[in-house]
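Asks: Let me begin by handing over the structure; questions about it come next.
The values are calculated or read from the model by the stated rules, or taken from the named source; none is laboratory data. It should be emphasised that the depicted structure is a prediction, and the values quoted were computed from it without experimental measurement. Here Cβ is always computed from backbone atoms with ideal geometry, including for glycine, and neighbour counts include all displayed protein chains. In case anyone asks, the SASA skips ligands and DNA or RNA and just uses the protein heavy atoms, side chains included. Shrake-Rupley method; radii C 1.70, N 1.55, O 1.52, S 1.80 Å.
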Amino acid sequence: MKPSSLLLRSLATAALFVLFASCSENLDSSGVCAVLCPPIGGEVQNVTLDAVVLDTTVPALSGLGTEPGLLLASRGDTLDTRVIIRFDSLPTRFTPSGDTAQAISSVDSAYVQLRIDTLSIKGPGPVTIEAYDVDTAANDTSTAAVLALFRPDRFISSQAFARADLKDTVRYYISNAAVLAKAQNNAPLRIGLRATGPESSQMRIISTEGGAAPVLSFRATPDTATKPLTVSPFSRTPAGESIAAAHLTDYTVIAKSPPPASPSTLAVGGLPPRRVYIRFNIPATIIDSATVVRATLLLNQLPNAALDPADTVLILPALVLAGKAVTDPSKAAQIVADVALDTIRVKPGDSGLTQVELARAFTVWRTQSPDTTARAIVLKTLSEGNSPLEIRFSSSEDVLALRPRLRISYTSRVPLGLP
């Protein structure tokens with residue numbers, strides 16, 4: 001190619017780039033972009049609306065035992081949580097090395113292997129973990145009935161751990177006699193763990209739902225040539241409810257938790273876990289006839305110093321998919337889909353303005369009729385059910401300046417196609 005031709009082509013390409021750039025920078029689409037850029041509706045308009053028609057705190061009804069982690073905590077008068085692990089089907093026979101199967105008559109080196117989320121550990125000092133027999137004929141979901149079994153006559157064993165001993169995998173040794181008695185009587189072994197010690201402690205044990213279930217291991221003979229037996233968590237109850245029984249193979253019981261927020265405050269997270277449900281009334285002219293460039297929910301955070309006020313909590317906005325036939329916010333708040341690309345990072349002890357981006361929700365609402373689907377969102381924590389930390393916000397019952405508001409930046413609908 002001749003140098004002159006190359007120069008002309010380069011100049012033409014540069015001119016075209018500048019022309020396109022000028023179009024992208026001017027929403028008014030006037031001047032030199034009148035031909036190449038179709039009109040897109042003028043300047044961006046900004047409006048702040050008192051669009052919240054209902055905001056309330058609701059329970060996170062995910063169900064007992066559905067969490068990916070088991071919270072074991074002892075934090076004085078503020079927080080006390082226990083862990084329940086069920087082994088309802090123990091082996092009654094084993095095969096010695098080089099021999100035939102026979103009934104189990106002894107148990108040696110019994111332990112439960114626990115997988116620990118080491119990043120969740122709190123407390124610098126040693127911790128003692130006590131084990132109790134929590135097998136009961138009472139209601140499986142009765143917290144009071146289970147907690148009443150953490151008493152001396154139900155004690156199985158205890159083991160002390162220095163802070164350095166709490167690795168990602170821990171062997172918790174339990175009474176050989178207790179395992180043998182359950183195996184010989186074909187009875188369920190249901191273990192309740194409680195943390196004690198001179199200082200506060202907290203840790204998260206990975207659950208069955210988290211993909212690394214606790215595992216019981218023991219030898220049916222002192223002969224090390226015979227492989228140990230391993231047992232995975234299993235629950236026979238509630239009878240006839242296989243899904244609920246699967247969740248109850250391991251779960252957390254709350255003995256004590258921080259005081260809840262006032263009824264007029266919006267609370268996210270905590271134990272028991274809670275969500276915030278917010279329903280909007282947005283003008284149809286914005287939903288149907290405009291392009292929303294940005295939509296931000298403005299919330300006033302209230303400080304909560306009850307527990308770890310400087311720790312970070314991740315909050316995720318979710319779009320409510322429930323139709324208007326679901327009138328109970330507690331139920332509607334469980335039928336959701338995530339709408340945000342990023343989580344919101346907040347600390348319980350913080351206060352002031354918190355911004356929640358909701359532009360993606362408007363894209364969905366434009367395709368839905370307000371007569372059939374409520375324009376509502378839910379705020380939930382990513383550690384729902386696994387963390388006691390709670391974030392609080394002012395509700396629509398607060399003074400006008402602190403109530404939730406919706407700030408929207410929009411322009412006329414952008415037409416598609418070529419001019």
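Asks: Take the residues in segment 263-282 that are of a type in the set (Ser, Thr, Tyr) and part of a strand (DSSP E or B), then tell me which one is farthest from the chain's Cα centre (by Cα). Break it down into steps so the answer makes sense when it comes.
Replies: Restricting attention to segment 263-282, the residues satisfying the condition of being of a type in the set (Ser, Thr, Tyr) are 264-265, 277.
Among the residues that remain, those that are also part of a strand (DSSP E or B) are: 265, 277.
Working: Thr265: 21, Tyr277: 16 Å.
Per the stated criteria, the residue is Thr265.
Asks: Failed condition for Leu180, given (1) open to solvent by 40 Å² or more (accessible area, probe 1.4 Å); (2) under 30 Å from Thr100 (Cβ atoms); (3) of a type in the set (A, V, I, L, M); (4) at pLDDT 95 or above, with all others met?
Replies: (1)
Asks: Condition test on Arg345, is it among the basic types (Lys, Arg), surrounded by 13 or more Cβ atoms within 10 Å (Cβ to Cβ) and out of contact with any Cys (no Cβ under 9 Å at 6 or more places or on another chain)?
Replies: On the way: among the basic types (Lys, Arg): yes; surrounded by 13 or more Cβ atoms within 10 Å (Cβ to Cβ): no; out of contact with any Cys (no Cβ under 9 Å at 6 or more places or on another chain): yes.
So Arg345 fails the test.
Matching residues to (1) open to solvent by less than 50 Å² (accessible area, probe 1.4 Å); (2) assigned to a strand (DSSP E or B); (3) of a type in the set (Asp, Glu):
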residue: Ala261; (1), (2), (3): yes, no, no
residue: Leu297; (1), (2), (3): yes, yes, no
residue: Leu314; (1), (2), (3): no, yes, no
residue: Leu319; (1), (2), (3): yes, yes, no
residue: Ala340; (1), (2), (3): yes, no, no
residue: Asp350; (1), (2), (3): no, no, yes
residue: Leu353; (1), (2), (3): no, yes, no
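Asks: Please determine whether any residue of segment 362-371 is open to solvent by less than 60 Å² (accessible area, probe 1.4 Å), in contact (Cβ under 8 Å) with a residue 40 or more places away in the chain and within 18 Å of Gly269 (Cα to Cα).
Replies: no
Asks: Step by step: first the residues of segment 263-295, then only those that are open to solvent by less than 30 Å² (accessible area, probe 1.4 Å) and of a type in the set (Gly, Ala, Ser), then the one that is farthest from Ser200 (Cα to Cα). Which residue is that?
Replies: Restricting attention to segment 263-295, the residues satisfying the condition of being open to solvent by less than 30 Å² (accessible area, probe 1.4 Å) are 265-271, 273, 275-278, 280, 282, 286-287, 290, 292, 295.
Next cut, of a type in the set (Gly, Ala, Ser) only: 267, 269-270, 290, 295.
Numbers: Ala267: 25, Gly269: 21, Gly270: 18, Ala290: 54, Ala295: 43 Å.
Result: Ala290.
Asks: Filter segment 373-387 for residues that are of a type outside the set (A, V, I, L, M), assigned to a loop (DSSP other than H, G, I, E, B) and farther than 15 Å from Ile282 by Cα and give the result.
Replies: The first filter runs over segment 373-387 and keeps only residues of a type outside the set (A, V, I, L, M), leaving 373, 375, 380-381, 383-387.
If we keep only those that are assigned to a loop (DSSP other than H, G, I, E, B) too, we end up with 375, 383-387.
Ser383, Glu384, Gly385, Asn386, Ser387, listed by residue number.
Asks: Would you mind telling me which numbered condition in (1) of a type in the set (Gly, Ala, Ser); (2) closer than 30 Å to Ser242 by Cβ; (3) surrounded by 16 or more Cβ atoms within 10 Å (Cβ to Cβ) Gly211 fails?
Replies: The number of the failed condition is (3).
Asks: Name the residue that is most open to solvent (accessible area, probe 1.4 Å), counting only residues in segment 402-419 that are modelled with pLDDT of 95 or more and not in a strand (DSSP E or B).
Replies: Arg403
Asks: Determine, yes or no, whether Asn304 is open to solvent by 20 Å² or more (accessible area, probe 1.4 Å) and either touching a Ser or Thr at 6+ places or on another chain (Cβ under 8 Å) or under 20 Å from Phe393 (Cβ atoms) (or both).
Replies: On the way: open to solvent by 20 Å² or more (accessible area, probe 1.4 Å): no; either touching a Ser or Thr at 6+ places or on another chain (Cβ under 8 Å) or under 20 Å from Phe393 (Cβ atoms) (or both): yes.
Spelling it out, it is not the case that Asn304 is open to solvent by 20 Å² or more (accessible area, probe 1.4 Å) and either touching a Ser or Thr at 6+ places or on another chain (Cβ under 8 Å) or under 20 Å from Phe393 (Cβ atoms) (or both).
Asks: Of the residues that make up segment 243-253, is at least one modelled with pLDDT of 95 or more and closer than 22 Å to Ala322 by Cα?
Replies: No: segment 243-253 contains no residue that is modelled with pLDDT of 95 or more and closer than 22 Å to Ala322 by Cα.
Asks: Within the bounds of segment 295-312, is there any residue that is farther than 14 Å from Leu382 by Cβ, free of Cβ contacts under 8 Å to residues at least 12 places away in the same chain and of a type outside the set (Gly, Ala, Ser)?
Replies: From segment 295-312, those farther than 14 Å from Leu382 by Cβ are 295-310; that's our starting set.
Add one more test, that the residue is free of Cβ contacts under 8 Å to residues at least 12 places away in the same chain, and what stays is none.
No, that holds for no residue.
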